[in-house]
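Here is the structure we will look at.
Readers should treat all values here as calculations from the given coordinates under stated rules, not as data from a laboratory. Predicted model, so just to flag it, every value in this text is computed and none were measured. Here the Cβ is made from the backbone with ideal geometry for all residues, glycine too, and neighbour counts use every protein chain on show.
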Amino acid sequence: MKNTLILFNLCFITLLFSNNVLSQKGDTIRIIDIKSFMESLKDVNPDTLVYMASQYPATFHEGMDSLNRYVKQHVFKHFVGSVSKDVMILCSVIIEKNGCISAIQILPNNNADKSLESSVINALYASPEWFPASQDGKKLRFKRILAFRFP
């Protein structure tokens, strides 16, 4: 039994470290020295850092479903055109320590026209304040990726 278990573990380790399992042909694996990376950040002002993970991420005051409803209501109230096909708009937003949105960037590969994208941006800037992200009781700047599907 013990020999079978050892053989199974050896086969599993061999499979795990084979090139076909870890990466596809042509992929490269980069090893990052975390110590030198952290040293490069020692002179950075902590108030300018933007986090994408935290103990408590930034959230819209009534949840993501409420944000989707808010954006759609705002867009359809101010959008001149019509949305006849399924459209998804992806964007990144930065939520500041005070809960306001400071930067919105529409991500590529959206199949929406520019005026619809502009309406989504305007809706997000006009949105109520968010609950800011925090880590160990300290408020943080936080970046979120949002997706909105129309109609």
FRET efficiency (E129, E39; Cβ distance; R0 41 Å; to 0.05) is 0.70
For the table K72/K97; K35/K139; K114/K138; K77/K114; K72/K143, the rows whose alpha-carbon distance is greater than 28 Å are K114/K138
Looking only at aspartates and glutamates whose Cα falls under 19 Å of K85's and that sit 8 or more positions away or on another chain, we get D113, E117
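Can you give the local net charge around V120? Use residues other than it whose beta-carbon is closer than 13 angstrom to its beta-carbon, Lys and Arg +1, Asp and Glu -1.
Surrounding charge for V120 is +2.
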If each K or R counts +1 and each D or E counts -1, the residues other than D65 whose Cβ falls under 13 Å of its Cβ total +2
